[in-house]
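Participant: Pasting a structure below so you can have a look.
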């Protein structure tokens, strides 16, 4: 899905980039929210980053206030993620994931169906999209924890052979 690599993105500290910056890495794209009951998933996301980061994998966090559970500024979000969960993976500016003003990245990702065959709207915070180097996208709903066997096996199957 090369077109994903060309969508303009802005990091949480205001730097312009695209997914191409992470080249052939396996990417786990997650819409996150600091005040969500699922926020403890940050811990498992960071553990995945530490476990697989040097093997061609990265978590990419996209804060969203779409469900009214995110802090009010990028600075507060960055501080919360760093001090509360020790997040080291890349974070981006707040985005909308649903509706007419959804970020173009999420407009594209939402075309991917989950394991039940359902595509469309992001259900809640911490929905996960695993993008393999060949462009294959797998979708995992919010209640599927980041270290669930189906996510870990999909990551491991997509990692480059080194």
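Just so it is clear, none of the values below were taken in a lab; they were calculated from the coordinates. Everything numeric here is computed off the predicted structure, so don't read it as measured data. Using ideal geometry, Cβ is built from the backbone for each residue, glycine included, and neighbour counts are taken over all protein chains shown.
Participant: Give, as ranges by residue number, the residues of segment 120-147 whose backbone N falls under 13 Å from the point 7 Å along Cα→Cβ of residue 113.
Facilitator: Answer for this model: 120, 139.
Participant: Hey, got the Cα dimensions of segment 34-93 along the principal axes, in Å, largest first?
Facilitator: Computed over segment 34-93, the largest-to-smallest principal extents equal 35, 21, 21 Å.
Participant: How many percent of the alpha carbon pairs in segment 73-162 exceed a separation of 16 Å?
Facilitator: Numbers: 2526 of 4005 pairs.
That tail contains 63 percent of the Cα-Cα pairs.
Participant: State the extension gain, in nm to one decimal, for the chain segment bounded by residue 143 and residue 156, taking 0.36 nm per residue of separation less the distance between their alpha-carbons.
Facilitator: 2.6 nm
Participant: As a test of understanding, state the convex hull volume per residue of segment 1-57 from its alpha carbons, in Å³.
Facilitator: Here the figure is 103 Å³ per residue.
Participant: Under a point spin-label approximation (7 Å from Cα along Cα-to-Cβ), what is the residue 47-residue 82 distance to one decimal in nm?
Facilitator: Taking the simple label geometry, residue 47 and residue 82 are separated by 2.4 nm.
Participant: For segment 18-53 and segment 56-119, write down the distance between their C-alpha centroids in whole Å.
Facilitator: 9 Å
Participant: Here is a further query. Could you work out the per residue convex hull volume over the alpha carbons of segment 2-158, in cubic angstrom?
Facilitator: Working: hull volume 16.2 nm³, N = 157.
Taking the convex hull of the Cα positions in segment 2-158, it is 103 Å³ per residue.
Participant: Next question. Looking at the chain only, what percent of DSSP beta bridges run antiparallel? Nearest 5 please.
Facilitator: 60 percent
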